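The values are calculated or read from the model by the stated rules, or taken from the named source; none is laboratory data. The structure displayed is predicted, hence computed values, not measured ones. Neighbour counts run over all protein chains shown; Cβ positions are idealised from the backbone, glycine included. We work out accessible area using only protein heavy atoms, side chains counted, and drop any ligands, DNA or RNA first. Shrake-Rupley method; radii C 1.70, N 1.55, O 1.52, S 1.80 Å.
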Amino acid sequence: MNISLMHAGLAAGAALAAIPIILHLFMRQTPKHVIFPALRLIRERHKKSKKQLKIKNWLLLAARMLLFMLMALALARPSLNSESSLGDQEVPSARAFVFDTSMSMQYTEKGNDRLTEAKLRANEILKKTTDDSEIWVIDSADPRKEQPLSPIAARKRIDALTLRAAYRPLNAAVVQASQSVAESKLLRREVYVLTDLAGSAWELGSTRTTEDLEKLRKDKNHKVSTYILKLTPSDVRDVAVISAEPTSSIVAVGEPVEIKAILRSTGPACERVVDFQLDGNKRGEKVVKIPANGESEVTFTAPANLSQGLHQGRIKLGTGPTDFLAFDDVRYFTFKVQPALNVLIVADLTGPDDYDASYVRSALVPSAPGANDPIASPYRIERETRRQFQERGKLSAKDFVAVFLLNIDGLTATEWGWLSRYVQEGGGLVIAPGDRSTAASYSGTASSILPATLEEPKQAPTGMHFGKVEAYDHPLFNSHPQLLDPELTSWPIYRYWSVKPMGNSRTLLRFGDGSPALIERAVKGTKIGHVLLWTTPLSRRPNRTDPAAWNEFPYSWAFVDIINQTIPYLAGTASEQLNYEAGQEAILTIDPNSKATSYTYQGPDSKAPERLNAPTTSDMLVIPSPQQQGQWKVEGKGPNGVDSHLGFSVNVAPAESQVVALKNDDLNGLFGGKDNFQVATNAKELVQAQKTGWIGYDLFPWLMFLILGLVTAENLLANKFHRNVATA
Amino acid sequence: MASTAEKYLKPEVIRQVARLDLRAKFIVEGFISGLHASPFQGFSVEFSEHRKYTSGDNISDIDWAVFAKTDRFYIKKFQAETNLTGYLVMDLSGSMGYTYRQELTKFEYGISLAAALGYLMIHQQDPVGLIAFDQQVRQSLAPKSKRTQLGNILSMLAGLKPGGETEIAKSLHQVASMIRHRSLVMIFSDLLGDPVPIYKSLHRLRHSGHDVILFHILDEAEALFPFHGMLELEDNETDERIEVDADAIKADYLEEVASFRAGFKKECNGARIDYIPLHTGMPFDKALMSYLNSRQGRG
């Protein structure tokens, strides 16, 4: 709170308080000289009363000074307020309206959604705004710097506002609004934030917002009053699809695809029909019971033998009585069906002793229990011995996305040369030496791509396990990061190769004794290929005493998980994302074989397609911040007439479905204190808040009361001081 | 005319009479005239016997009531005619020369009163003397009852001038030692000095067997303090100055005056001294009545 003055100039009248001082000090009454022989009778009393007289004199002086000051202050109409905007409604004002256009504002209550309600409230305020006022209309989702409008133009702009699936935090919009009005030369500056106060629309804990607003507040000449018009629904009832995700964004031909959806009810328990649609065709319908204020899960299976290419679908709720928020009744998804990725496994042992390759193979292409045929897998495995590998004469990244060299020895410089070129073409290489390997065959030419130099096999201390993961952010480990550490530290390691890592390598995982367990090296050629070196074999032996029994790692689910993450990583598809939240940049991978010179993209709102140039240095196409919720399509025409069909889905952030108003503490934190904003839930409260903000708590009556008291006190004091005494 | 005579009891009237002898005459005549109408008639000038009228007696002394009864002229003889030696003791201090309203100073008031008393006493054939003092006795006139004495007293009173500092107590001690026979000592003073030594000196006078009438004369302004606003008060005896707010100090001052007078009254009562608090705005009859009371007491 601070004190402001309606007529600040009049406060200068407080200087009149100097008058009593001047009178007291400089214009003191010259005492009348009187001969008075009975002075002796006065002397004693005079001594006693002199001190008292002085005190009374000063008290009287102080009272009179205070009287002048208070009268000047009262005339200046002081008020206690949160901001310094002053004046009545008829003065021209600088007003910024910040509209929360996030999807939670779609919530409908009493026939109006929150945005419509916000528009009505803003128009009410505009009606009371003079034509020479400056108005800013700020869409919370739009970061553009707005120019001031006339009230009439502002009404049109407000009417044109729509809900936006993509949003930016309201903090930024409030700061933008405050900065805009603060620059105005008009004296009354106000920011109205029209919002449901849903937590999802605000960036809580943002110190920058607080700092920016504080900076504005410190500038005494540019005070801004902030009013939050709270449009939070009184009782939120909503059923939402908060998630709908396919098994994977990339699936292999023949691989089964499941769509798992999570439904949430805010309000009472309910039963809703859930509709599953894929590529424009209805593929399923289920009735789902959702508990009160709880969640339910529903799974749909996509038809088998989906064609190769992009598939887009949606999960949608049927209509229901307890649902006043529409946007979250549907959720879109996209996945891609592509041919299985080719993987080459090179290991020497064959037949029943094929321990070195079998675990990796089983992890990538598991067999259905009791059946000989492998279940559908995104990978196609080729198996070769060292000799077969040497005889193939060439190796291309186009043939295999990954090559595993498992416990082999005796590769010549020629073969290492193939491997080197293969990696430089962007191929992925996984090497896991074991008891059959020698350090000599992993030196020389091999050094150009190997992440480390092999030194010698080493006996692990008894009871040794893997240590902690060094790089949780690495795609190999990011599927279950919290569960990996305890799993990895529970399987024993018996032997490993001691290695000397290269300078340009990165250790991803270590053993319990700190030695490297998994090292990676990125090799740059025409593309970037990756080489992963495991220092213990990716296999185990049934017999613990077998010299080839170096670990029990393949028994762990972490083994299966990491091996399955390895192929998409090496193939460069691990980071491919086809489902985005509104406003996120969509990054699509282009097939280099059918790269187009230009692309067009089109959102679900059927507007004209936007054109986009093809990237020259990478195979990634960036769609800048798609806003509309739904299915997006990207088309490209290749130089050879080969068309590419890409696409992705955009959904609103699930948090937007949670219309839970911020608490006062949160707002205090954002605005840097409760005195820096006023909250109003209805027109009456807004008028009260405006009163407080504009003229504050008027101190005039209180000051007059004080003056009255002071005049009385002064009179009493003066009368006591100069009391008339009846003639003796 | 009684009413004409009585007006001379008022200080503002008597000040217009320049000659002291006339002042004394007027005051006394006014006083006597007033007495006839007062319940004190015959109290102070007590009738004691008749004697035959002889040539030269004042015709006004003939008792016409006796003449009506006896057809003979008899003259009233008054008790007061028994001799009482009186001393008029004047304070000559500078403070006695003070007047605020530019009417009678305390001294003028005092000598007017003294003259009237002298006049009265001489006419009753009482010997009257005069002593004037400031820091000590300055002038004195031995008491005599001859009519010429009145002229001497009046001329000496008229010649007195107040000024300078005073030592009342010391002077009164001196007076006490000067007066050998039991007398009526009438002191005219504003008593502005340290009261305790004055009390002692009064006691000394009393112990010497004298009857004492203390005329405590203050200026009207000193008694009533009619001032307002800021004042710089100056003691004309000591030149001491004090700056005061008259309105603020008035109550305290009046209280102090009352206390000052009460102190003297208490001491005087204790010593059987007549204490007459006066101020220059008061009529003279109060003072004269006090004298007559004292005279009666002694008779």
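Mean separation of Cα pairs under 8 Å and 6 or more residues apart, divided by the residue count, gives region A:238-338 a relative contact order of 37 percent. Computed over protein heavy atoms with a 1.4 angstrom probe, the accessible surface ordering of B:216, A:645, largest first, is A:645, B:216. Shown here: the protein assembly as shown, whose C-alpha atoms stretch 194, 69, 49 Å along the first, second and third principal axes, sorted largest to smallest. Remark: spin-label model distance residue A:61-residue A:144 equals 6.7 nm, labels positioned 7 Å along the Cα→Cβ axis.
Let me make sure I get this right: for region A:89-130, a, b and c are the square roots of the gyration tensor eigenvalues over alpha carbons, sorted descending. Under 1.5 in a/c it's rounded, otherwise prolate if a/b > b/c, else oblate. Which is it? Note, shape of region A:89-130 comes out oblate.
Computed over the alpha carbons of region B:120-204, Rg followed by Dmax gives 13.5, 39 Å.
When both bridge partners sit in the protein assembly as shown, DSSP labels roughly 60% of those beta bridges antiparallel.
Contact order, relative form, for chain A: 15 percent (alpha carbon pairs under 8 Å, 6 or more residues apart, mean separation divided by residue count). Counted residue by residue at 0.36 nm each, then reduced by the alpha carbon distance between them, the extension gain from residue A:447 to residue A:215 reaches 77.7 nm.
Each residue of region A:492-508 was assigned a 3J(HN,Hα) from its phi angle through the Karplus expression (A = 6.51, B = -1.76, C = 1.60, θ = phi - 60°), giving x, 10, 9, 9, 7, 7, 7, 10, 10, x, 6, x, 9, 9, 9, 7, 9 Hz with x at Gly and Pro. The mean of 1/r over all pairs of different alpha-carbon atoms in region A:579-651, once inverted, gives a Kirkwood hydrodynamic radius of 12.3 Å.
Between amide H atoms placed 1.01 Å from N, distances below 5 Å from residue B:73 occur with B:53, all of them 5 or more places distant or on a separate chain. Accessible surface for residue A:575 stands near 90 Å², nearest 10, in the context of the full protein assembly shown (1.4 Å probe). Counts of other chain beta carbons within 10 angstrom of each beta carbon in peptide B:232-243 average 5.
Couplings for region B:174-188, taken from phi via the Karplus curve 6.51 cos²θ - 1.76 cosθ + 1.60 with θ = phi - 60°, read 5, 4, 4, 7, 6, 8, 8, 9, 4, 9, 9, 9, 10, 9, 10 Hz in order; Gly and Pro are left as x. Once both labels are positioned 7 Å from their Cα atoms along Cα-to-Cβ, the gap between residue A:705 and residue A:459 label points is 9.4 nm. Using a simple spin-label model with pseudo-atoms 7 Å out from Cα toward Cβ, residue B:255 and residue A:120 lie 7.7 nm apart.
Subtracting the Cα-Cα distance of residue A:50 and residue A:412 from 0.36 nm times their residue separation leaves 118.5 nm of extension gain.
Applying a threshold of 30 Å to the alpha-carbon distances of A:119/A:282; A:260/A:468; B:76/B:286; B:144/B:170; A:51/B:266 flags A:119/A:282; A:260/A:468; A:51/B:266 as lying beyond it. Each peptide among A:623-631, B:52-60 gets the average number of other Cβ atoms lying within 10 Å of its residues, and from highest to lowest they stand as A:623-631, B:52-60.
The dipole here belongs to region A:579-651: it is taken about the Cα centre, uses +1 on the Cβ of Lys and Arg and -1 on the Cβ of Asp and Glu, and is about 180 debye.
Measure out, as a whole number of angstrom, how far apart the alpha-carbon centroids of region A:101-137 and region B:141-163 sit. Between the Cα centre of region A:101-137 and that of region B:141-163, the gap is 113 Å.
A convex hull fitted around the alpha carbon atoms of region B:154-263 yields 125 Å³ per residue. Maximal additional length on extending the residue A:682-residue A:367 stretch stands at 106.9 nm, based on 0.36 nm per residue less the C-alpha distance. Relative contact order of region B:83-298: 22 percent, from C-alpha pairs under 8 Å at least 6 residues apart in sequence. Residue by residue along B:251-258, Cβ atoms of other protein chains within 10 Å of the local Cβ number 6 on average. Ligands, DNA and RNA aside, residue A:258 has an accessible area near 100 Å² when probed at 1.4 Å. Computed over protein heavy atoms with a 1.4 angstrom probe, the accessible surface ordering of A:300, A:700, largest first, is A:700, A:300. With a 10 Å cut-off around each Cβ of B:90-101, the average count of Cβ atoms from other chains is 2.
Under 5 Å from the amide H of residue A:102 lie the amide H atoms of A:164, each residue being 5 or more positions distant or on a separate chain, with H modelled from the backbone and absent for Pro and chain starts. Work out the FRET efficiency for residue A:498 and residue A:207 from their Cβ-Cβ distance, taking R0 = 56 Å, and round it to the nearest 0.05. So the FRET efficiency works out to roughly 0.70.
For residue B:173, the solvent-accessible surface with a 1.4 Å probe is about 60 Å², rounded to the nearest 10. Estimated from helical segments only, the mean residue ellipticity of the protein assembly as shown at 222 nm is -10000 deg cm²/dmol, where each DSSP H run of four or more residues counts as -39500 (n - 2.57).
Classify region A:185-307 from the C-alpha gyration tensor, please: rounded if a/c falls under 1.5, else prolate or oblate depending on whether a/b exceeds b/c. Cα axes put region A:185-307 in the prolate bin.
With all protein chains in place and ligands, DNA and RNA left out, the 1.4 Å accessible area ranks B:230, B:96, A:620 as A:620, B:230, B:96, largest first. Rounded to the nearest Hz, the phi-derived 3J(HN,Hα) couplings of region A:529-546 under the Karplus curve 6.51 cos²θ - 1.76 cosθ + 1.60 (θ = phi - 60°) are x, 10, 10, 10, 10, 8, 8, 9, x, 8, 7, 9, 10, x, 9, 5, 7, 4, where x marks glycine and proline.
Charges were assigned to the Cβ only: +1 to each Lys and Arg, -1 to each Asp and Glu. The resulting dipole of region B:123-235 about its Cα centre is roughly 1080 debye. Between B and A, buried accessible area from a 1.4 angstrom probe totals roughly 3200 Å², ignoring ligands, DNA and RNA. Close amide H contacts of residue A:452 (hydrogens built in the peptide plane, cut-off under 5 Å, sequence separation of 5 or more or a different chain): A:502. Dipole of region A:456-592 computed with +1 at Lys/Arg Cβ and -1 at Asp/Glu Cβ about the Cα centre; of A:560, A:477, A:497, farthest Cα towards the positive end is A:497.
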